[in-house]
1. For labels at ILE12 and ILE307 in the simple 7 Å Cα→Cβ model, what's the distance in nm?
2. Give, in whole angstrom and from largest to smallest, the semi-axes √(5λ) of the equivalent ellipsoid of region 218-369, with λ running over the eigenvalues of the Cα gyration tensor.
3. Kirkwood hydrodynamic radius, region 268-353, all distinct C-alpha pairs: what's the number in Å?
4. Would you pull out the residues with amide H under 5 Å of GLU373's amide H, same chain only if 5 or more places away, H placed 1.01 Å from N?
5. If I model region 385-430 as equal point scatterers sitting on the Cα atoms and use the Debye formula, what is log10 I(q)/I(0) at q = 0.24, 0.32 Å⁻¹?
6. Using only alpha carbon pairs under 8 Å that are at least six residues apart, calculate the relative contact order of region 284-430 and give it in whole percent.
7. In region 278-430, carbon and sulfur make up what percent of the accessible area (probe 1.4 Å)?
8. What value in Å³ per residue do you get for the convex hull of the alpha-carbon atoms in region 18-79?
Amino acid sequence: MRLIVEDRQKNISSLSDSKNKLKSEISAIRHKINQHLDQIQDHFIVELNKAVESSTQQLQSSIASLKKTQNEIDECIDDVETIKKYATNMQTFLGIKLLETKLNKTENDMQCWTEGSSLGLTVVSYKMNSLLQNISNEITTFGKPIIDVQPWELSLQKRKEGQAQLTVSLEPKTSVEHITLKLKTNFKTFCTDVSGCCILPCGKLVVSNFDPSYLKLFAPDGKYEKPIKNIMPYIYDVACVDNKTVAVVSNNEENIKLVNLKSGKAFRSIHTDSLSYGLTYIKGSFIISSDKGHLLEVGLEDTKTNIIGSNKVSTYVASFENNLYSIGQDKNTVVCQNRNRDLLWTFTDETVIKGIRGITVDEHGNLFVAGRESQNVIIISSDGTKHKILLTETDLCGSPWAIDYNSELKSLLVANEKDGQAFLYSVHYS
């Protein structure tokens with residue numbers, strides 16, 4: 001009975017967490033809607049400017065033609081006055097015939113302008129998209145909250161002393177046993193020394209190369225868009241900040257560089273007091289794996305640096321709520337600790353995964369891990385007690401190095417180290 005009470009209390013806490021998560025998701029959807037409306041508004045203004053500019057050019061051309069005709073009429077009037085004063089009868093006759101021809105042509109031009117649209121009044125207006133006009137009537141809610149009561153699996157066991165004991169067996173669908181991957185696209189990165197990767201909120205993909213050092217940007221379907229070079233030497237990892245910005249670190253420089261993906265330029269540098277390996281970004285802060293063997297938190301705005309984890313860690317890092325995930329110095333161990341530097345669990349099994357490189361965490365605290373030497377990708381449960389092999393050498397056809405998960409898109413990106421292959425998967429919890 002005590003277990004049931006404790007579980008009910010946890011359930012109350014999880015409801016509050018779920019509420020906050022849903023509020024965040026709604027805010028994210030609102031942000032996407034605002035971005036989309038901004039884009040179609042910008043497009044409309046561009047089209048409006050083009051239409052007005054074209055009409056203005058036509059009016060200016062019409063004015064020029066009218067002025068030219070006015071000058072011709074004025075010349076004809078002057079010619080008539082000259083003929084009256086100085087011409088002989090024969091010259092008058094011939095001159096009038098010539099003037100008559102000119103006037104007939106001018107009259108025809110005027111008639112065409114009058115009957116056509118050249119002399120009409122040009123007015124600019126617009127036709128509103130009916131969906132936008134009715135948006136307040138058609139869309140009246142973000143959705144409807146759904147409360148789903150999931151059944152428990154209960155089993156009764158007898159203690160040796162003969163007392164009854166209630167055992168609660170729960171296996172949520174978010175446990176690693178239920179997680180599967182489905183390949184969305186396989187594409188070429190054109191990289192020969194992959195060091196990191198990330199998925200942007202808009203679905204675009206970024207892959208970093210260590211040496212030579214550069215980034216490559218891809219569309220959500222894996223179509224190559226452009227390279228970004230001359231940022232910093234020996235880029236070791238890349239992390240998404242927003243749709244327009246990524247951050248990179250190097251084991252050759254003591255700073256974090258912020259890069260604008262549109263311009264392809266680094267626009268800000270944040271000092272870190274140490275060389276860096278792994279990098280992740282969450283809620284306004286960067287977490288880096290220092291060359292000194294501990295984890296550092298660096299604020300995006302205030303740039304303050306704090307040591308938040310230490311266990312002789314190396315290379316890549318991931319974060320979920322109060323938990324920090326990193327790789328042990330033997331490259332075969334995953335370490336989980338909290339921000340107070342308390343060790344929560346470790347995972348080592350060289351028969352399952354070896355040569356650990358990229359790590360990334362989902363919204364449930366489950367950890368995706370790429371094994372370079374074992375040529376596979378596994379997932380470890382949030383408490384470190386369970387694991388599942390998700391991808392093997394057969395799936396990847398090479399050695400995976402970089403890996404990133406996007407919780408909004410439920411997508412996992414895996415990039416091989418040397419062969420230029422990358423794989424984008426949808427993650428299913430069922």
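The values are calculated or read from the model by the stated rules, or taken from the named source; none is laboratory data. All figures in this text were calculated on a predicted structure; none of them were measured in a lab. Note that each Cβ is placed from the backbone with ideal geometry, even for glycine, and that neighbours are counted across all protein chains shown. Just so you know, the surface numbers come from the protein's heavy atoms only, side chains and all, with ligands and any DNA or RNA stripped out. Shrake-Rupley method; radii C 1.70, N 1.55, O 1.52, S 1.80 Å.
1. 4.0
2. Equivalent-ellipsoid dimensions as semi-axes: 26, 18, 15 Å.
3. Hydrodynamic radius (Kirkwood, Cα pairs) of region 268-353 is 13.0 Å.
4. Counting only residues 5 or more places away or on other chains, the set is LYS354, GLY355.
5. Computed log10 I(q)/I(0) values: -0.95, -1.20.
6. Relative contact order of region 284-430: 12 percent.
7. The value for region 278-430 is 43 percent carbon and sulfur by accessible area.
8. Value for region 18-79: 37 Å³ per residue.
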